[in-house]
Amino acid sequence: MAEKTSKKNLRRTITALLSTSLLLLALFSALVYSQPLPRNETIYVGGGLWSPPNNFNPLIPWTAVTGTNGLIYETLFAYHPFKDQLIPWLAESGTWVDSKTFEVKLRDATWQDGQPLTSEDVKFTFELAKQVTDIWYSGIWQWLDHIETPDAKTVRFVFSQPHYPEWAYDLYTIPIIPKHIWQSIDKPLEQANLNPVGSGMYKLKSTTENQFVLERNENWWGIKYFGKPGPKYIVYLMVPSNNVALAMLARGELDWSNYFLAGIGDLVKTYPHIITFYGKKAGHLPANVAFLFINNQKAPLNDPNFRKAIAFAIDVDSIVSRVFEGSVNKSNSVGYLPIPAWQKYEAVDLEQKLGFTYNPDKAKAILAQAGYKDIDGDGFVETPDGKKIQLTIIVPYGWTDWMEAARIIADSLKAVGIYCEAKFPDYSKYYDDLTKGYFDLAINNFNSFASPAPWTLYNWLFYAQTPPIGQNSWSGNFGRYNNPEITDLLNKILTTPLTDEATLKQYYRRIQEIFLTDLPYIPLWYNGYWFAASTMYWTGWPSPDNFYGVPVTWNGNWQHGGLMTLLNLKPAQQAAAPPQQAQPAPSAPTAPAVDYTPYIVAAVLVIVIIVAVYFYLRASKKKAPSEEKKQ
C-alpha cells in the first residue's frame, strides 16, 4: 500500500513539475516575444509603405512591400545615379565580351537557407520570364537569344540584338530568385510569398497591419565584401500622414524619413538632431521629374501653339518657393535630371533657342497669334473657331504638395486667359483617368527616375505602343503623343552601345529639338528623394562630403543607395568616440548588443528547480506518516 502511495505521490510530483514547466515556458515565450527591440540596434523607417505589408513577391515589384527587392532579394548590380556607376553586387563583374554577349562573374554568395547562389539561379530567374510572359521583364526575350552557364560562377547572356540602355537598367532592377524554391511554384505571380527566402542582408521577422520588421542576416554572404549592416532590426512603419511623420521624427520615434515634410527648413533649425542630406540646410537630392501631361488627342490641347502658351504661362518658381519652400529646383526645358548620365546629352544650346521660361506676356502673344481670343468678354479665350475652353488639371487627393502646385498652375493659366480648374480625385480615379486618357492636364512623375540613360525617360514619355483613349496605358505616354520619328530615334538609341556617345548625342539632340518644338508635355520641377533623418540614435548618414549613395527607401530604389546607407550607419553612442576619417567603402560593424536571453533562461531554470524541490519535500512529508503507521 505504501509503495502504491509513494508511486502515486511521485506521479503527482512529476505531473506538477511538467505543468509548472509548461506554464513557465509559456510565460517565458510570452516574455521574450513581448521584449521591445533594443533601440540601439533598431532603426525606424518610413516613407515607402502605404498599405498593410502582405506581399513579398519579388516578381511583382509594384505591389511588393518596399525592401522585398534590395533587402531580401538582390540584384546583380546596384546603381549610384549621381556618379553614374553600376556597382557590382551579386555580380563580381560584368563585361561585354563581344557585341552581343554580356558575361557576368558572380561573387561567392549564398541564399538565406544556406544553399549556394549559382549561375543556374540567375539563368532560372531570366528564363522564368520566358515561360511566364506576364512577368514584367519578359519582354527581354524579344532581344535575348539564350543564356549560357559554363560554370557555377559564370553567366553569359547572348543577345540577338542588345538593347543597351534597357539592359543597363535591368542589371540593377531584376531580382535574382532561388531556383530550388521557385521552380516548383505554380503561378508564381499569384504568390504573396509571406516567408521569403532571398540572398539579402535582411530577413523578414514579423508583420502587423501597419509595419513590418526585418532582422539582419548574420550569415549574409556580403559581409566579407561590404561589411555588416549597422542596424540589427529595421522597423518599417506605415505612417498615416506626413504631419504625423514629422512629429515622430522630432520625437526620435522615426530615424529615417522619405516623406515629403513641409517646413523642413524650420524643422532642421528647431531640432538639433534632425538633418537633411545637406546637414542643417534645407534641400533635397533630385529623384525624378514632375511633368505636366497634356492630352494631345483633345482640342485645343492638340495644338502645339496652345501647349507652348501653357508652358510660358506656368509660374514654376512660385511652385518651388511656395509649395516646396525652395527645397527643390525647377526643371530645365527638356526635363533632364541633373545627373551625369543625362546631362552629357543635354543640348543646352537648343534649350536657349527653343526653351521656355515663365513669361505670361509671351503666353498671351502666342495665344493671340494662333487665333485664341476672348470673344464673349468673360476674360478667357475661346478657340479660333469660337468654342469655349474649360480645362481641368488633376492630381490625387491628399497629395498636398501636388494639390497646391495644381492650384498655382490653374491660376497661372487663368492669368493669361485660359480657363482651368484644379480637380483632386481619389488616387484610384486619378490613376484610371490618367492611364485611360480621360484628362486634360495631369501632373505625374512615375517613371522619370534617375537611370543610366535618358532613354528610360523618353520610353515613358513617348511609349509607342500606347493604346487608344479608353484603354489603360500602363507604360506611359498618357497623353497619346504620336511621332514616328521619335519612335525611330528611340529604337536606334536602344541598339547603340552606351560607349558610342558621339552617335547617341546626335539621336538625343534630335529628340530634344522635336520635344522643344512640339512640347507634348511640360517638365515642371525635380521631385526630391525627401530625405530627412534623426541623429538621435543613428549616425553616418550620407552627405555631400561622404556621398556613398542616395538615402532612399522607396520600392525599387534601394539599389540607388539605401543599401549603402544601412552599411554605413552606426549607433549614435558609438559615434561619440573620437571622430574618424569618413570611409567611402561600406563598413560599420555595430556595437555588441545586450542580450538578456541567458539571464531569462537562468531565471526560469532556478524557478523550476525551486518548484521541484518544493514538491519533493511535500511528497516526502506525506510518505513519512504512512511509514510510521506501518511500524
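The values are calculated or read from the model by the stated rules, or taken from the named source; none is laboratory data. Just so we're clear, the structure is a prediction, and the values are computed from it rather than from any experiment. Don't worry about glycine lacking a Cβ; one is built from the backbone with ideal geometry, like all the others, and counts go over all protein chains shown. Surface areas here come from the heavy atoms of the whole protein model, side chains and all, with no ligands, DNA or RNA. Shrake-Rupley method; radii C 1.70, N 1.55, O 1.52, S 1.80 Å.
Structure notes:
- Residue tally, condition within 29 Å of THR456 (Cα to Cα) and either in contact with a strand residue (DSSP E or B) (Cβ under 7 Å, 6 or more places away or on another chain) or in contact (Cβ under 8 Å) with a residue 12 or more places away in the chain (or both), over the range 164-190: 17
- Single condition PRO497 does not satisfy, out of (1) part of a loop (DSSP other than H, G, I, E, B); (2) open to solvent by 70 Å² or more (accessible area, probe 1.4 Å): (2)
To keep it simple, each residue is scored yes or no on (1) part of a strand (DSSP E or B); (2) under 18 Å from ASN555 (Cβ atoms); (3) of a type outside the set (Asp, Glu).
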{"position": "VAL197", "(1), (2), (3)": "no, no, yes"}
{"position": "GLY200", "(1), (2), (3)": "no, yes, yes"}
{"position": "LYS203", "(1), (2), (3)": "yes, no, yes"}
{"position": "TYR225", "(1), (2), (3)": "no, no, yes"}
{"position": "LYS228", "(1), (2), (3)": "no, no, yes"}
{"position": "TYR236", "(1), (2), (3)": "yes, yes, yes"}
{"position": "VAL239", "(1), (2), (3)": "no, yes, yes"}
{"position": "LEU249", "(1), (2), (3)": "no, no, yes"}
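- Some residue of the range 455-467 being within 30 Å of TRP541 (Cα to Cα), modelled with pLDDT of 95 or more, surrounded by 19 or more Cβ atoms within 10 Å (Cβ to Cβ) and of a type in the set (Phe, Trp, Tyr): no
- Cβ separations smaller than 6 Å between residues 6+ apart or across chains give the following pairs from the range 328-357 residues that are within 18 Å of ALA502 (Cα to Cα) to residues that are open to solvent by 60 Å² or more (accessible area, probe 1.4 Å): TYR345/LYS505; ALA347/ARG509; LEU350/GLU513.
- Residues that are open to solvent by 40 Å² or more (accessible area, probe 1.4 Å), farther than 23 Å from LEU117 by Cβ and part of a strand (DSSP E or B) within the range 205-223 comprise SER206, THR207, GLN211, listed in sequence order.
Here's the yes/no breakdown for (1) open to solvent by 60 Å² or more (accessible area, probe 1.4 Å); (2) part of a helix (DSSP H, G or I); (3) modelled with pLDDT of 50 or more; (4) closer than 30 Å to GLN343 by Cα:
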{"position": "LEU17", "(1), (2), (3), (4)": "no, yes, yes, no"}
{"position": "THR20", "(1), (2), (3), (4)": "no, yes, yes, no"}
{"position": "LEU24", "(1), (2), (3), (4)": "no, yes, no, no"}
{"position": "PRO58", "(1), (2), (3), (4)": "no, no, yes, no"}
{"position": "THR66", "(1), (2), (3), (4)": "no, no, yes, yes"}
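- Any hit, the range 371-386, residues being at negative phi, hydrophobic (A, V, I, L, M, F, W, C) and either in contact with a Cys (Cβ under 7 Å, 6 or more places away or on another chain) or in contact (Cβ under 8 Å) with a residue 40 or more places away in the chain (or both): no
- Failed item in (1) in contact with a Phe, Trp or Tyr (Cβ under 8 Å, 6 or more places away or on another chain); (2) assigned to a loop (DSSP other than H, G, I, E, B); (3) not charged (D, E, K, R), with LEU504 passing the rest: (2)
- Taken together, ILE443, ILE393, ILE418, ILE486 contain a single residue that is open to solvent by less than 70 Å² (accessible area, probe 1.4 Å), over 22 Å from SER321 (Cα atoms) and either outside any helix (DSSP H, G or I) or of a type in the set (Ser, Thr, Tyr) (or both), which is ILE418.
- The one condition in (1) under 25 Å from the mean Cα position of the chain (by Cα); (2) farther than 28 Å from MET564 by Cβ that ASP145 fails to fulfil: (1)
- Screening LEU254 on (1) closer than 25 Å to GLY540 by Cβ; (2) not in a loop (DSSP other than H, G, I, E, B) shows it passes everything except condition (2).
- Restricting the range 531-541 to residues that are surrounded by 24 or more Cβ atoms within 10 Å (Cβ to Cβ) and of a type outside the set (Gly, Ala, Ser), the residue that is farthest from TYR481 (Cα to Cα) is TRP538.
- Consider the range 176-204 and keep the residues that are β-branched (Val, Ile, Thr) and buried (at least 17 other Cβ atoms within 10 Å of the Cβ). The one that is farthest from TYR44 (Cα to Cα) is ILE181.
- Search result, residues across the range 85-119 that are of a type in the set (Asp, Glu) and either in contact with a His (Cβ under 8 Å, 6 or more places away or on another chain) or surrounded by 15 or more Cβ atoms within 10 Å (Cβ to Cβ) (or both): GLU92, GLU103
- Members of the range 404-413 that are touching a strand residue (DSSP E or B) at 6+ places or on another chain (Cβ under 6 Å) and open to solvent by 60 Å² or more (accessible area, probe 1.4 Å): ARG407
- Residues that are aliphatic (A, V, I, L, M), open to solvent by less than 10 Å² (accessible area, probe 1.4 Å) and within 27 Å of the chain's Cα centre (by Cα), drawn from the range 303-348: ILE319, VAL328, VAL334, LEU337, ILE339, ALA341
Yes or no, residue by residue, for (1) touching a Pro at 6+ places or on another chain (Cβ under 7 Å); (2) hydroxyl-bearing (Ser, Thr, Tyr):
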residue: LEU413; (1), (2): no, no
residue: TYR431; (1), (2): no, yes
residue: GLY479; (1), (2): yes, no
residue: THR496; (1), (2): no, yes
residue: GLN506; (1), (2): no, no
residue: ILE514; (1), (2): no, no
residue: ASP518; (1), (2): yes, no
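- Restricting GLU120, GLU74 to residues that are touching a Gly at 6+ places or on another chain (Cβ under 6 Å) and under 26 Å from ASN195 (Cα atoms) narrows the list to GLU74.
- Residues (part of a loop (DSSP other than H, G, I, E, B), open to solvent by 50 Å² or more (accessible area, probe 1.4 Å) and under 21 Å from LYS330 (Cβ atoms)) located in the range 349-386: THR357, TYR358, ASN359
- Residue in the range 236-247 that is more than 30 Å from TRP136 (Cα to Cα), buried (at least 18 other Cβ atoms within 10 Å of the Cβ) and touching a residue at least 24 places away in the same chain (Cβ under 8 Å) present: yes
- Qualifying residue in the range 415-427 (condition: of a type outside the set (Asp, Glu), within 27 Å of the chain's Cα centre (by Cα) and farther than 22 Å from ASN555 by Cα): yes
- Among the candidates GLY283, GLY230, residue that is open to solvent by less than 30 Å² (accessible area, probe 1.4 Å) and either more than 27 Å from the chain's Cα centre (by Cα) or closer than 30 Å to ASP113 by Cβ (or both): GLY230
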